[in-house]
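To keep things clear, I will list the structure first and then write my remarks on it.
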Amino acid sequence: MGKLRDKLIDWKKRLSDRHMYSVIVVLIAVVAIWGIYQYKRAADLRQELDNQYNRAFYEMVGYVRNVELLLMKSLISSTPEMAAETLQEAWHQANLAQTNLGQLPITQEVLANTSKFLSQVGDFSLSLDKQNINGRQMNEEQYKTLEKLHGYSVSLLDGLNNLQGAISEGRIKWNELANKGTEFFEKKNQSLAGQMLSDIDNSFQEFPTLIYDGPFSDHMTSLKPKNLTGNEIDVEQAKQKIKEFFGNDKVASVEHVGDITTDTLPAYNMKVTFKDRPEEEFATADISKKGGHVIWMLYNRETGQETIDVNKAKQIGLQFLKEHGYSSMKDTYYMKEDSVATINYAYQQDGVIIYPDLVKVKIALDTGEIVGFESKGYIMNHTERQLVPPTLTEEQARARVNGNVDVKSVGLAVIPTKFGTELFCYEIKGKLNDKDFLVYINAATGKEEQVLIIIDTENGILTM
């Protein structure tokens, strides 16, 4: 007992030694730093894994959305060729959706019906694709099956959108699903994620055995511009044209920031500040070296409470275009975000909408001020077309549309192709199963060239 007491006294004396005390403090600090590092590393790994799950999930939602839209297009389509192209893409998108579903921390048992649905969508679409390639149209039974498929895809998309909202709000954590697996879903009455995913999957239990802006807005090609008119200008001339574009009385200064040296549209890049406005509220613009055409402009300023509606904004944009030399323009589609309306205007020739000749205008809905402008489509494509009278009559074009749809209006339009050419078509607007759509029938050959779904949201009217 005495020896033990002596050892304790000796240990106490050592602790009292300053050097020994410092060593212990250092050791404790090292252990603490190591622990913090390990904790942070584990947190980083968890975040990285969550990011991977989020990417897979959001991509899956996008693919399912594409499947829904493509199935709808195939219902609208009236020709085997267009149906074949649409269904082939639906098969591809369904496979991509299923691949991303397999990357989520969810067992096969939980979403078995959903996985089965995606597989059957792909298989059925591929079989119809092969049938249509051989020139055979869908029969009535196949059409009804396709309608059911579309209905289920709408249900799936609704459920996934709800789940996506819960994930974005942080109410569902992927690490919980990964750690607890199937047991997590067995307690679905206590689990928001389990309930939502089970609801999605249950919607397919009765499934029988067996997816922005206006159209053609992103068709830019590497072709030479058709409307790049005028002589070469220097920097000072470009500055003067920029002042005229915004209004000489509004501009405080124009600074040449740099040159854009592309083969297609060489340009000067400018920074514009305004009178009676803070320095941070400036505009950036590109103006072509040939002719001094403003290619695009973006005005960086905060927008206040909305005082004008989109219809008024459309008229403001139209007047702005007239004042800047863009005549015969017609508003087509628009998007509204953060009290700013982005409106697409297409050129109109003899009552025909020329979609390749596109100009975009951003209008602040607090004051009606122009805060954005883009004219590349117009500069690249605008020219007066030699429009020959259509070979097909309007009645014949109507007859080319699927008989199950409700046609609302018929007009003429020029649309671009992926190959830099243009097609003269009848633009037919209609409705099927509460979905608005556009079908483009070649005015010369009667071929169904394009099918687009119109998406009407509270923020705008878009097409896909």
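The values are calculated or read from the model by the stated rules, or taken from the named source; none is laboratory data. In this text, all values refer to a predicted model and were calculated from it rather than measured experimentally. Glycine also receives a Cβ, built like all others from the backbone with ideal geometry; neighbour counts cover every protein chain displayed.
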Extreme residue, modelled with the highest pLDDT, among residues of the range 87-134 that are surrounded by fewer than 23 Cβ atoms within 10 Å (Cβ to Cβ) and among the aromatic types (Phe, Trp, Tyr): Trp91
Residue that is surrounded by the most Cβ atoms within 10 Å (Cβ to Cβ) [pool: residues in the range 59-81 that are in a helix (DSSP H, G or I) and modelled with pLDDT under 80]: Pro80
Unique match (being at pLDDT below 95 and loosely packed, with under 15 Cβ neighbours inside 10 Å) among Gly291, Gly230: Gly230
Glu369 assigned by TED's automatic domain parsing to the domain that holds Phe274, surrounded by fewer than 19 Cβ atoms within 10 Å (Cβ to Cβ) and in contact with a strand residue (DSSP E or B) (Cβ under 8 Å, 6 or more places away or on another chain): yes
Among residues of the range 250-276, those that are in contact with a Lys or Arg (Cβ under 8 Å, 6 or more places away or on another chain), exposed (fewer than 14 other Cβ atoms within 10 Å of the Cβ) and not in a strand (DSSP E or B), counted: 2
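Does the range 348-366 include one or more residues that are closer than 29 Å to Lys275 by Cβ, aromatic (Phe, Trp, Tyr) and touching a strand residue (DSSP E or B) at 6+ places or on another chain (Cβ under 7 Å)? Steps first, please.
Keep residues of the range 348-366 that are closer than 29 Å to Lys275 by Cβ, which gives 359-366.
After this cut, where a residue has to be aromatic (Phe, Trp, Tyr) as well, the list is none.
No - not one qualifying residue is present in the range 348-366.
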Search result, residues across the range 317-339 that are in a strand (DSSP E or B) and buried (at least 18 other Cβ atoms within 10 Å of the Cβ): Met329, Asp331, Thr332, Tyr333, Tyr334, Met335, Lys336
